[in-house]
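I have placed the structure first, in the form of structure tokens, so that the comments after it can refer back to it.
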Amino acid sequence: MRIKICGITNLEDALDAINAGADALGFVFYSKSPRYIKPLDARKIVDNLPPFIQTVGLFVNENEEFINKTSFDAKMQMVQIIDDNNHTNFDLLNCKYIKVLRAQKEEDIQNLDKNEYILVDAFVESFGGEGKRVALEWFKNIDTSKMILAGGLNENNLKELSSLNLYGVDVSSGVEASKGKKDKQKMINFIKAANEI
């Protein structure tokens, strides 16, 4: 089970997440988010990270030029893209990417390309970080081995995912003390629970 802690805004939280066992750290480059971080501020954090940790930039309805420049400036190794309005030409991106499906109904998940890795999140107007979860029954009888689940996850409900064969989980609000500030113990508990699935 791969684990990404999203919404990193400071070095202390980043190091606490890594020490708790996170595989990846997410940085939000969506200016309307309370977890937004400027690219060069993210870079300062990245420059102080230990090796073998993946850095992931989150973008919302941006074109490839903005994504390429921001991810370069911030030293992102991968980008995670919400592209509801078809702003992004994925063929012109300079780094690896994963698309985000903001699921509103079961058919959204059932109709996915099962050969492509994808992050599945619950639809919310604010583009995530609200603690809303996708209905787990929507995953019934489908291959979830290339899916990463986000939205509404916390240490107390991870056991409910045990029947799924998810590639990974992505958490933000579920391990926060307040919006944009992580809770060290919540991250430790979350990652421990995820590894027990």
Which residues' amide hydrogens lie under 5 Å from the amide hydrogen of Phe123, considering only partners 5 or more residues apart or on another chain, with H built in the peptide plane? Ala103
Determine the distance separating the Cα centre of the range 40-113 from the Cα centre of the range 118-170; give it in Å without decimals. 18
Considering only Ala17, Tyr30, Tyr97, whose Cα is most displaced toward the positive end of the charge dipole of the chain, charges sitting on Cβ of Lys, Arg (+1) and Asp, Glu (-1)? Ala17
Bridge type composition, the range 2-195 - antiparallel percent by DSSP, nearest 5: 5
Could you tell me which chymotrypsin sites (Phe, Trp or Tyr not before Pro) in the range 1-63 are loop residues by DSSP with no more than 16 other beta carbons within 10 angstrom of their beta carbon? Phe52
Going 7 Å from the Cα of Trp138 toward and past its Cβ, which residues in the range 84-107 have a backbone nitrogen under 19 Å from where you end up? 84-86, 98-107
For Tyr97, distant residues with modelled amide H under 5 Å away: Val79
Partner lysines for Lys105 [C-alpha distance under 26 Å; skip if fewer than 8 residues away on the same chain]: Lys4, Lys32, Lys114, Lys132, Lys140, Lys146, Lys159
In order through the range 52-69: 3J(HN,Hα) via Karplus (6.51 cos²θ - 1.76 cosθ + 1.60), integer Hz, x for Gly, Pro: 6, 10, 8, 9, 10, x, 9, 10, 10, 6, 10, 7, 5, 5, 5, 5, 5, 5
Loop-located trypsin sites (Lys or Arg not before Pro) in the range 7-102 whose Cβ has at most 10 other Cβ within 10 Å (DSSP): Lys32
Can you give the FRET efficiency for Ser162 and Tyr36, using 1/(1 + (r/R0)^6), R0 = 25 Å, r = Cβ-Cβ distance, to the nearest 0.05? 0.15
Determine the relative contact order of the chain: mean sequence separation of Cα pairs under 8 Å and six or more apart, normalised by residue count, in whole percent. 21
Would you mind computing the Rg to Rh ratio of the range 2-195 from its alpha-carbon coordinates, Kirkwood style for Rh? 0.93
List the residues of the range 142-168 whose backbone N lies under 17 Å from a point placed 7 Å from the Cα of Gln77 along the Cα-to-Cβ direction. 168
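Read-outs throughout are calculated quantities, based only on the coordinates presented, and are distinct from any laboratory measurement. Here the structure is a predicted model, which is why all the values come from computation and not from measurement. Neighbour counts run over all protein chains shown; Cβ positions are idealised from the backbone, glycine included.
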